[in-house]
Structure formats: structure tokens, C-alpha cells
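Student: Could you have a look at this structure, given as C-alpha cells, before my questions?
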Amino acid sequence: MTSKSTILIELQYMPPVQYFVKLMMHGRVLLEAQENYIKTSYRNRCHIATVNGVQRLSIPLRKGKNNQASIRDVHIAFDEPWAARHWKSIKSAYGNSPYFKYYIDDLKPFFMYKRYEYAWDFNFELLLYFIHTIGIDIDVELTRKYERKPEKGILDFRGTINPKAPADDPTFKPHHYSQVFEDRLGFLPNLSILDLLLCAGRASKGILRQCILEIEE
């Protein structure tokens with residue numbers, strides 16, 4: 001199901017299912033490490049399912065001109081215990097999910113024991129964790145310079161998976177899996193990869209494959 005093609009995409013905070021479908025479809029990923037931070041994106045937010053519906057988890061950033069700062073220089077703000085709050089929300093939302101007990105020991109340190117100064121470092125370690133845990137076979141590299149237009153042969157997905165203005169994606173179709181609050185909320189598509197992992201466990205990889213729409217030549 002994967003190809004040897006290369007995609008270029010930005011780093012996000014526990015990205016949605018659609019993001020990981022893109023990883024599944026290609027053999028190599030270039031993470032955009034030279035861009036400037038962009039507001040209202042998945043770079044510092046994700047969406048999970050709670051008893052009251054979809055909840056946004058946002059990483060607070062230190063006040064300043066983040067929108068003009070290099071993505072790897074954006075500092076996390078610790079004026080309030082945001083990480084503990086995120087973990088509390090995750091436990092409340094997924095404590096009764098089928099696979100929470102299997103992954104709690106892996107996930108808890110990210111929020112409760114480690115302290116990341118930069119949002120990039122936090123997001124990058126989480127991304128590698130999900131890639132490894134789900135079993136996605138892909139090479140991950142960081143860009144060394146910013147290219148407005150990448151070289152031929154690289155598929156540019158930067159900014160296409162966006163909470164405010166999602167682009168049409170002819171190769172992605174959400175595939176159903178059982179969710180914790182589906183009986184009252186219905187199926188909520190394209191939430192954070194965290195939702196899929198904690199609800200589907202080892203079946204996550206297969207579900208990602210089912211989300212891929214083949215384009216007829």
C-alpha cells in the first residue's frame with residue numbers, strides 16, 4: 001500500500017488520522033523544519049472525543065511574535081499546568097477505551113514527567129512514538145532549508161491538513177472504528193491519532209489502510 005514517493009509536510013501535535021494516512025501511502029517523509037510558525041493550525045492543537053463532543057487540546061505558547069518565529073524556536077508556555085490538564089482530559093475521555101491500559105505507561109510521561117521547552121521537540125517525539133507503535137514503515141527526515149516550491153518528485157502537503165480550511169483530499173475517506181462515546185455522539189471522523197490508537201490498538205494500521213482511496217488512472 002505504500003510507495004517509495006516522498007511527501008513534504010509540517011509537524012503537528014498528535015495529528016489527525018488523515019495525516020497518518022498520508023504517511024502510510026508513501027515511503028519517505030520530509031518534515032518541514034525550516035518554516036515559520038503559523039497560527040490556527042494543528043501545529044499546537046489536536047481534537048479528541050469526550051462525553052460532551054469534540055474537545056480541542058491546545059499547547060500554550062510563550063507570548064511574543066510566534067507567527068514570525070522559526071518553528072523550532074517556538075517556546076511552550078508554562079504559566080499554567082497545561083500538560084497535566086491535557087493528561088486529565090485524555091484520561092477522562094479514554095480511561096474506558098479498550099486499549100488505554102496498554103498504552104498509558106508510554107503516554108503518561110509525555111505529559112506528566114517530561115518538560116519540553118520547545119513545541120517542536122514535544123510534537124516530534126510524540127510523532128515518532130505513534131509511527132513506531134502503529135508500525136508504519138517510513139523514513140522520516142527533516143528539511144535543511146525552506147523551499148517555497150519543493151524539487152520535482154516531492155509531494156507537498158504542507159498546510160493541506162488544517163482545522164480551519166481543510167483541503168479536498170481525493171485519496172482519503174474516513175473508515176469507521178468503534179469509539180468510546182459513539183452511542184451518544186455517533187462516529188466522529190478524523191480525530192487525533194490518539195483516538196484511533198486507544199480505541200483500536202493493533203488494528204490501527206489496518207484501519208489507516210482502509211482510509212486510503214485509490215485514484216483510478
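What follows is calculated from the coordinates using simple rules that are stated; it is not laboratory data. Worth saying up front: this structure is predicted, and the values here are computed from it rather than measured. Here Cβ is always computed from backbone atoms with ideal geometry, including for glycine, and neighbour counts include all displayed protein chains.
Student: Over all alpha-carbon pairs in the range 78-164, figure out the percentage whose distance exceeds 22 Å.
Tutor: Of all Cα-Cα distances in the range 78-164, 46 percent exceed 22 Å.
Student: How do 13-24, 197-208, 35-46 rank on mean C-beta neighbours within 10 Å, highest first? Intermediate results must be reported in sequence, preceding the final value.
Tutor: Working: 13-24: 22.8, 197-208: 19.7, 35-46: 17.8.
Packing order, densest peptide first, comes out as 13-24, 197-208, 35-46.
Student: Here's a follow-up. Per residue of the chain, what 222 nm ellipticity follows from adding -39500 (n - 2.57) for every DSSP H run with n ≥ 4, rounded to the nearest 500?
Tutor: That calculation yields -9500 deg cm²/dmol at 222 nm.
Student: Only loop residues by DSSP count here, and only those with at most 11 other Cβ atoms within 10 Å; note down the trypsin sites (Lys or Arg not before Pro) in the range 115-162 that meet that. Display every interim value, and only then the final one.
Tutor: On the way: sites: 115, 144, 145, 148, 152, 158; in loops: 115, 144, 145, 148, 152, 158.
The qualifying sites are 115, 144, 145, 148, 152.
Student: So in the chain, what percent of DSSP beta bridges are antiparallel if you round to the nearest 5?
Tutor: 45 percent
Student: Which far-off residues, 5 or more places away or on another chain, put their amide H under 5 Å from the one on residue 142, with H placed in the peptide plane?
Tutor: 31
Student: Right, something else. If each Cα of the range 3-210 is one equal point scatterer, what is log10 of I(q)/I(0) from the Debye formula at q = 0.07, 0.08 Å⁻¹?
Tutor: Here the Debye-derived log intensity ratios amount to -0.20, -0.26.
Student: Step through the residues of the range 181-187 one at a time and calculate ³J(HN,Hα) from phi using the Karplus curve (6.51 cos²θ - 1.76 cosθ + 1.60, θ = phi - 60°), rounding each to whole Hz and writing x for Gly and Pro.
Tutor: Couplings: 10, 5, 5, 10, 9, x, 6 Hz.
Student: With 10 angstrom as the radius, rank 181, 130, 78 by how many other C-beta atoms surround their C-beta, starting from the fewest.
Tutor: 78, 181, 130
Student: Normalised by the number of residues in the range 60-217, what is the relative contact order in percent for Cα pairs under 8 Å and 6+ residues apart? Show your work: numbers first, answer last.
Tutor: Details: 118 pairs, mean separation 41.6, N = 158.
This gives 26 percent for the range 60-217.
Student: Explain nothing, just the number: dipole magnitude of the chain about its Cα centre with +1 on each Lys and Arg Cβ and -1 on each Asp and Glu Cβ, in debye rounded to the nearest 20.
Tutor: That gives the chain a dipole magnitude of about 600 debye.
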